Amino acid sequence: MSFTAHLEELRSRLIKCGLALIVAFVGCFSISEFIFSILTAPLLSLEVQGLGLIGTGVSEAFFVKIKVAFVGSVFLSLPVLLWQIWQFVVPGLFEHEIHYARAFVFFGTFFFLLGAWFCYEVIFRVGYGFLLKTYESIDVRPAIRISEYLTFSSKLLLAFGVVFELPVLAFFLARIGLIDHHFLIRQFRYAILVIFCLAAVLTPPDIVSQVLLALPLTGLYSVSIAVAYFARRKDGSSSE
C-alpha cells in the first residue's frame, strides 16, 4: 500500500472506532448512575471516619455522568477497537499471521479487563485504604470531590488495562519473529526504567499510585518473557 493509501485506511479505521465509541457512549449514558455506583463502591466501602463524596459545582454532576459514560464506552467497545487495530496492521502481515485476528481480539480484551479488574479489586481497596487512612492520623474528615475521584480512578483503570496487554503484545511479536525471550531478558534493565517512567505518565501525580502500577507491570514483563519463550517454542524457532 502507498503512503496515501495507509492514511486513507487509518482514517477509515478511526471513523469506525469513533462510531463504536459513540454507540457505546449512548448506551452507557443511559445507565451512568449504575456505572457510577460501581466505580464509587471501593471508596465508600472503606471504614474511614467522616468519608463522603461531595459536589462543588452546579454542572459537576452532569459532567461526571458524561465522564462515567465515556469510561464505560471504552470498555464496552473494546473488542471493536481491537478488531479495527488488527485490520489496520493486516496489510503488513504475512498470510499465516493474519489468522491470529480472533486470538488477538479475544486475549486483548481478556487481559485489558483483567488489568481493570486487578486495579478495581486490589489497587483501589489497598491504595485508597492507605491514602485515606492518613486523614485519621491528622484528625481530618475527608470530603472527596466526585469529579476528582472519577478522574483519578478512570486513569488508573485505563492505565492498568493498557499495561496488562503486555503479555499479549509479547506473544504476537514473538510469533511473527520480531522478538524472543533472549531479547526481553537483555533489555530487562532498560525495561525497568521505562516502566517507572510510564507509570509516572499514566497515573495521577503521586508516588503511591505510580509504585502500585510499576510493580505489577514489572511482574507482567517477567510473564512476557515466559510467554515469548513458549511462543517461539510453539513456532519451532527457539534460539536456545
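Close Cβ contacts (under 7 Å, 6 or more residues apart or on different chains) running from residues in the stretch 36-51 that are without any contact (Cβ under 8 Å) to a residue 24 or more places away in the chain to residues that are assigned to a helix (DSSP H, G or I) and among the basic types (Lys, Arg) are absent. Exactly one residue out of ARG145, ARG189, ARG175 is more than 22 Å from the chain's Cα centre (by Cα), more than 30 Å from GLY50 (Cβ to Cβ) and surrounded by fewer than 17 Cβ atoms within 10 Å (Cβ to Cβ), and it is ARG189. For the stretch 77-117, the tally of residues that are touching a Cys at 6+ places or on another chain (Cβ under 9 Å) and either at pLDDT below 75 or among the small types (Gly, Ala, Ser) (or both) stands at 1.
The values are calculated or read from the model by the stated rules, or taken from the named source; none is laboratory data. As the structure is a computational prediction, the values presented were derived from the model and not from experiment. Cβ coordinates were reconstructed from backbone atoms using ideal geometry, including for glycine residues, and neighbour counts include every protein chain displayed.
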